[in-house]
Each structure stands twice: as structure tokens, then as C-alpha cells.
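Colleague: Here's a structure for you.
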Amino acid sequence: HQVGKKHTLSLRVTYQSETVQNEGVGGTTLPEAGASASDHEAEIIYTQRTILSPKLINQVRRLYGQDRVPTVSVTRTPRIVVQDAFTGGGAQVDSVDTERHFTLNESLTWSAGKHLVKGGVIIPDWSWRGYTDRSNFGGTFSFASLDDYTAGKPYLFAQQQGDPALDLVQKIVSLYVQDEIAARKNLAVTMGLRYDWQNFYG
């Protein structure tokens, strides 16, 4: 959208969704032991260009997005593994992967004579990430043979417990300033400073 002669605005919204059914099914793995996975991603991008004066221009680009990737077992029962026979019961692979992220690129450009000075702030990634893993929270019974399965005699039962959630925050910020000097008609020299910072998480 053009607002007068000095302001240009742009807004873009995107959304995409994908779903996969019956993951892990086939061979000796029964349909009941499959899982469904989906991916839902949305983004909003805002850009603005403002002519503050004949020699000074401000440009801004902001992005906000979120992504959610759940995986759900078709059957909510313990997993059953019978060696050399079949795998049934629940898939026991339930999980949710989420992310909310924000990016920013804002700059000021000033021109005067042979100089083109540009500076600004860049946030290439500021995100909140979460991962909840409930894999095998319902447990898995393992049988050595069909006879043991019929008799109800598993040789192993394994189950995961505890807090399945993990939350992280990623932060990356950059500041910069540069001066492009037109030394000659066919030669330009650029000098600048840049500072980058990011957090660390384990």
C-alpha cells in the first residue's frame, strides 16, 4: 500500500498445513500400531519503507511465525512386539514440537556526496521452542514368540516416565554501521563495524 509519496507498506500472511497418515505401518507392523503426523505453519511479514528526507531512508521488515508439529499414535494402548511375528498395539510415539519466532531487520540509510552510510539492528532469530516427548509413556511388552504372546508371558516390559516437556529460548541480535565511499567512478570502498550477540542453551 502506498501512503503518499514517502511511505510504502506491505503485509503478507502465509499458512501451510500437511498431514501424513499411517506412519510406520507395513511389513509385520499392523495398522493399529501406526501414527499420524501433521505440520501447521503460519507467518506474518510486515515491511515498511519511509523517506524521512531526500537523503535519509528508513526500512523495516518484521516477521512473526509459529509452527506446530504433533505426532499422535492411532491406538492409545501399550505397544506389543512379538519377535518374528508382528508389532501391534499403540505406536507409543506421541510428541508435539512447537516454535514461535520473531525476526526484525531495521535500517537507516543516509547519502551525502561520496558517502552512503547505513546502520541498523537485525534480529535474525528470536524464538520460543517447545518439545513434548511422550514416547513409550504407555509402555511396550516384548514377547519372544507367538506361544509366549498367547500365554501372556512377555520377557520384557519397558516404559518411559518423567517430565516430557522441554522449553528453550533462542536469541540472536546484531548491530551494524557501514560507510560506502565512492572513491572513483569505478571504485567503491566500504568500511563498517558489526556486533553480534546470541544466548547459549544446552
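The values are calculated or read from the model by the stated rules, or taken from the named source; none is laboratory data. In this text the structure is predicted, and so the values were computed from the model without any measurement. Here Cβ is always computed from backbone atoms with ideal geometry, including for glycine, and neighbour counts include all displayed protein chains. Please note that ligands, DNA and RNA were not included when accessible areas were found on the heavy atoms of the full protein model with its side chains. Shrake-Rupley method; radii C 1.70, N 1.55, O 1.52, S 1.80 Å.
Colleague: Can you give the calculated 222 nm mean residue ellipticity of the chain, where each DSSP H run of n ≥ 4 adds -39,500 (n - 2.57) and the sum is split over every residue, rounded to the nearest 500 deg cm²/dmol?
Modeller: Computed ellipticity for the chain at 222 nm equals -500 deg cm²/dmol.
Colleague: Let me ask something additional. Which one, Q92, V189, P154, is farthest towards the positive end of the dipole of the chain when Lys and Arg carry +1 and Asp and Glu -1 on their Cβ?
Modeller: Of the options given, the answer is V189.
Colleague: Now for a different question. Which one, Q16, P31, T132, projects farthest toward the positive side of the charge dipole computed for segment 1-150 from Cβ point charges (K/R +1, D/E -1)?
Modeller: Sorting the options by dipole projection puts first Q16.
Colleague: For R62, R68, what's the largest-to-smallest order of accessible area, 1.4 Å probe?
Modeller: R68, R62
Colleague: Separate question: In µm²/s, what is D for the chain at 10 °C and 1.306 mPa s, where D = kT/(6 pi eta Rh) by Stokes-Einstein and Rh is the Kirkwood radius from Cα pairs?
Modeller: Roughly 73 µm²/s, to the nearest whole number.
Colleague: To continue, here is another question. Heavy atoms only, probe 1.4 Å: what % of the accessible area of the chain goes to carbon and sulfur, would you let me know? The partial results should precede the final answer.
Modeller: Values: 7260 of 13070 Å².
The computed percentage sits at 56.
Colleague: If you don't mind, another one. Rounded to the nearest 20 debye, what is the charge dipole size of the chain about its Cα centre when +1 sits on each Lys and Arg Cβ and -1 on each Asp and Glu Cβ?
Modeller: I would put it at about 1800 debye.
Colleague: So for the pair Q21, D147, with labels modelled 7 Å out along Cα→Cβ, what separation do we get in nm?
Modeller: For the pair Q21/D147, the computed spacing is 4.0 nm.
Colleague: I would also like to ask the following. About the Cα centre, and with charges only on the beta carbon of Lys, Arg (+1) and Asp, Glu (-1), how big is the dipole of segment 46-111? Nearest 20 debye, please. The partial results should precede the final answer.
Modeller: Numbers: 8 positive and 6 negative charges, 92 e Å.
The calculation lands at about 440 debye.
Colleague: Let me ask another. Pull up the DSSP beta bridges for the chain and report the antiparallel fraction as a percent, rounded to 5.
Modeller: Values: 102 of 107 bridges.
About 95 percent, rounded to the nearest 5.
Colleague: Let me ask something else about it. Radius of gyration and Dmax for segment 102-202's Cα atoms, expressed in Å?
Modeller: Cα radius of gyration and Dmax of segment 102-202 are 29.0, 90 Å respectively.
Colleague: Going toward the positive end of the dipole of segment 109-153, with +1 on Lys and Arg Cβ and -1 on Asp and Glu Cβ, which of A112, F143, I123 do you reach last?
Modeller: A112
Colleague: Place the peptides 134-143, 108-117, 3-12 in order of packing, highest mean first, counting for every residue the other Cβ atoms within 10 Å and averaging per peptide.
Modeller: 134-143, 108-117, 3-12
Colleague: Across the chain, how many lysine pairs, 8 or more positions apart or on different chains, have C-alpha atoms separated by under 24 Å? Please give the number.
Modeller: 11
Colleague: Let me ask something else about it. Using only the alpha-carbon atoms, what does segment 65-106 span along each of its principal axes? Please give whole angstrom values in decreasing order.
Modeller: 61, 19, 10
Colleague: Rolling a 1.4 angstrom probe over the protein chains, ignoring ligands and nucleic acids, what is the accessible area of D167 in square angstrom, nearest 10?
Modeller: The value for D167 is about 120 Å².
Colleague: Hey, another quick one. Please find, in a Gaussian network model of the chain (springs between Cα atoms separated by less than 10 Å), the residue of L156, L63, L166 whose mean-square fluctuation is greatest.
Modeller: Fluctuation is largest for L156.
Colleague: Multiply the residue gap between Q2 and S107 by 0.36 nm, knock off their C-alpha separation, and tell me the result in nm, one decimal place.
Modeller: Gain on extension, Q2 to S107, equals 35.8 nm.
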